[in-house]
Amino acid sequence: ILAVSSETMTTIARSRVAVIGCGWWAQGWHLPHLAENAPHVVIAAIVDPSPLPISTLSSSPLLSLVELSKKYACPYYSSVEEMLADSAVGPTLDGAIVATSHASHFQVGMALLKEGIKRRSIAEAVEKKQQGGIDSDTAVAGKKRSRPQIFHRALHILMEKPMTCSVDEALVLRARSVAYPEGAFTINHTASYRPQTYVAKEVISSGQLGKIRHITATMNGGLMWLFDDKKNESWTSKTPWQKGEEESATVSEDTKTPMNGNGYAWGQMAHILAWIYAVVGDNVAVPKKVFCTMTHAPNTGADISLAAVITCSDGITFSISGTALLPGSQYADPPIGKRINVEIFGMNGCLLWGGDDRIPQTGKLELRRSAPGEKEDGQSEFPCSQGEAANKMKHGFYFEDGNQDGKGPDSMKVFLDACKSSAAKYDQSVAFLENKSAESNVTLEDQSGLANGSLIGVRTVQIIDAMYKSSISGNAVDVQ
């Protein structure tokens, strides 16, 4: 873990990232985005249990692992465990993108967090051994040098949504991620990392709406081509590991429990739920009960429409609905965007956010204040077009970021920034240990700024899991 020589370092801090799961999304988005971040980012490894990944969603055959290995100049592996066991690759990773099937997220995530915690333990042992070895009063070139903390090579995670398909697994994964604050744990809800989302969060956290009392949301997309095609097993089947699993990864026998349902809820509603919980805060609208009705696709049985009422522990009324029945497709020519609308009401005002996610001009983040008897009562304000925000972001409605060009969505930027920062600190720490620098600039890193989306991930899993259970039973169910 601490054996990388500073002689191999360059003036450019490079972070080494693995991509786990080499299906349609990884080959069309994650890998090209990482390549665009060169030279600061290196694709260090690719992992997939199948040497010939397949996808029912791609218009052309996917590249094999051998072809991907040659294209991105990196080794390939059939499992996360095999990759981590390779002493030339496993210990040198700064981050990993988990683009495997929903059902395998838990197993892959736990393996990566275990690796990060192991690295930290080794670094702590090294530091303990160094106690007394470098005295804070040791003079070096006429200066005094304090011994810094020994930094391990932190391991950061960017995981595709949903975090898991099981509440039990989500809670365990969150607990493990919280126990490893040195690593960012980012879930790829791209809408939650848009600049407009941070403005919405600031409006609410600063109290401009007052106490939140009501939330309503809809998300409608043209996705029948996805959810009513039997070939799309991982998107429609309750046992997606049995055959044709898209973007597959090894799923252990212990995790092969049939899902309560699969379809639009898992595939799409996680996006809008994550956005809502990203802006309202950790302890607002905590779900307590869910009542949900669903309709299902005629060929696959996957859910394609849903309407739910969520009872919250703080008394907020919360309704949410969505459907795959919008005509068209975002991947057609011309593309047909998803229709999204979120309205959050407080005692002092409301925040409105909605539009067509392919046409930015269809919406803006809107704030309306409650001021009875005053001129401004009910008048529209547009926080993203005012003050400093107006100079920092584009105007209009921006939700999911599915752009294949460029360096990736803001969620990837947050992940890569964490990788780069900790990689640089690790390099400095190694140089210090080797006495290659007379005075180290390494300082104790504040881990509070690292992204950890695990609580939002848990909230989305809790609600969607309860949606399926309620739809099956016909009754309101407690949130696990």
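Data table
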{"quantity": "In the stretch 277-311, residue modelled with the lowest pLDDT [restricted to those that are part of a loop (DSSP other than H, G, I, E, B) and open to solvent by less than 70 Å² (accessible area, probe 1.4 Å)]", "calculated": "Gly281"}
{"quantity": "Matching residues, the stretch 312-329, being part of a strand (DSSP E or B) and among the hydroxyl-bearing types (Ser, Thr, Tyr)", "calculated": "Thr317, Ser319, Ser321, Thr323"}
{"quantity": "Helices (runs of 4 or more DSSP H) contained in the stretch 188-249 and holding at least 2 residues open to solvent by 10 Å² or more (accessible area, probe 1.4 Å), in contact with a Gly (Cβ under 9 Å, 6 or more places away or on another chain) and modelled with pLDDT of 95 or more", "calculated": "195-205"}
{"quantity": "Unique match (being in contact (Cβ under 8 Å) with a residue 12 or more places away in the chain and closer than 18 Å to Tyr264 by Cβ) among Met294, Met347", "calculated": "Met294"}
{"quantity": "Residue within the stretch 365-375 that is closer than 30 Å to Tyr468 by Cβ and over 24 Å from the mean Cα position of the chain (by Cα) present", "calculated": "no"}
{"quantity": "Residue match in the stretch 267-276 (condition: open to solvent by 10 Å² or more (accessible area, probe 1.4 Å) and within 22 Å of Tyr198 (Cβ to Cβ))", "calculated": "yes"}
{"quantity": "From Ala45, Ala96, Ala111, Ala35, residue being under 28 Å from Leu173 (Cβ atoms) and part of a helix (DSSP H, G or I)", "calculated": "Ala111"}
{"quantity": "Search result, residues across the stretch 337-355 that are under 18 Å from Val284 (Cα atoms) and among the small types (Gly, Ala, Ser)", "calculated": "Gly346, Gly349"}
{"quantity": "Residue check for Ala423: modelled with pLDDT of 80 or more and part of a helix (DSSP H, G or I)", "calculated": "yes"}
{"quantity": "Failed criterion for Ile46 (all others in (1) more than 24 Å from Ala111 (Cα to Cα); (2) among the β-branched types (Val, Ile, Thr); (3) surrounded by 21 or more Cβ atoms within 10 Å (Cβ to Cβ) hold)", "calculated": "(1)"}
{"quantity": "Qualifying position, being of a type in the set (Val, Ile, Thr) and open to solvent by 60 Å² or more (accessible area, probe 1.4 Å), among Ile359, Ile344, Ile340", "calculated": "Ile359"}
{"quantity": "Pairs where the first residue, in the stretch 160-184, is within 26 Å of Gly261 (Cβ to Cβ) and of a type outside the set (D, E, K, R) and the second is open to solvent by 10 Å² or more (accessible area, probe 1.4 Å) and assigned to a loop (DSSP other than H, G, I, E, B), C-beta under 6 Å, 6+ apart", "calculated": "Cys165/Met259; Val167/Gln480"}
{"quantity": "Neighbours by Cβ (under 9 Å, 6+ apart or cross-chain): first from the stretch 352-372, farther than 20 Å from Ile272 by Cα; second open to solvent by 80 Å² or more (accessible area, probe 1.4 Å) and of a type in the set (Asp, Glu)", "calculated": "Arg369/Glu376"}
{"quantity": "Selection count where residues are under 22 Å from Gln330 (Cα atoms), open to solvent by 30 Å² or more (accessible area, probe 1.4 Å) and in a loop (DSSP other than H, G, I, E, B), scope the stretch 362-372", "calculated": "1"}
{"quantity": "Answer residue from the stretch 70-87, given it is more than 16 Å from Gly23 (Cβ to Cβ) and small (Gly, Ala, Ser) and is surrounded by the most Cβ atoms within 10 Å (Cβ to Cβ) among those", "calculated": "Ala85"}
{"quantity": "Residues (of a type in the set (Gly, Ala, Ser) and touching a Ser or Thr at 6+ places or on another chain (Cβ under 7 Å)) located in the stretch 158-191", "calculated": "Ala170, Ser177, Ala191"}
{"quantity": "The stretch 1-22 - residue that is at pLDDT 95 or above and open to solvent by less than 30 Å² (accessible area, probe 1.4 Å) and, of those, nearest to Leu65 (Cα to Cα)", "calculated": "Cys22"}
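To keep it simple, each residue is scored yes or no on (1) farther than 19 Å from Asn188 by Cα; (2) hydroxyl-bearing (Ser, Thr, Tyr).
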site: Leu52; (1), (2): yes, no
site: Ser59; (1), (2): yes, yes
site: Val66; (1), (2): yes, no
site: Ser87; (1), (2): yes, yes
site: Val98; (1), (2): no, no
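The values are calculated or read from the model by the stated rules, or taken from the named source; none is laboratory data. What you are looking at is a predicted structure, and each value in this text was computed from that prediction instead of being measured. Heads up, the Cβs are rebuilt from the backbone with ideal geometry, glycines too, and the neighbour counts pull from every protein chain shown. Accessible surface areas use protein heavy atoms only, side chains included; no ligands, DNA or RNA. Shrake-Rupley method; radii C 1.70, N 1.55, O 1.52, S 1.80 Å.
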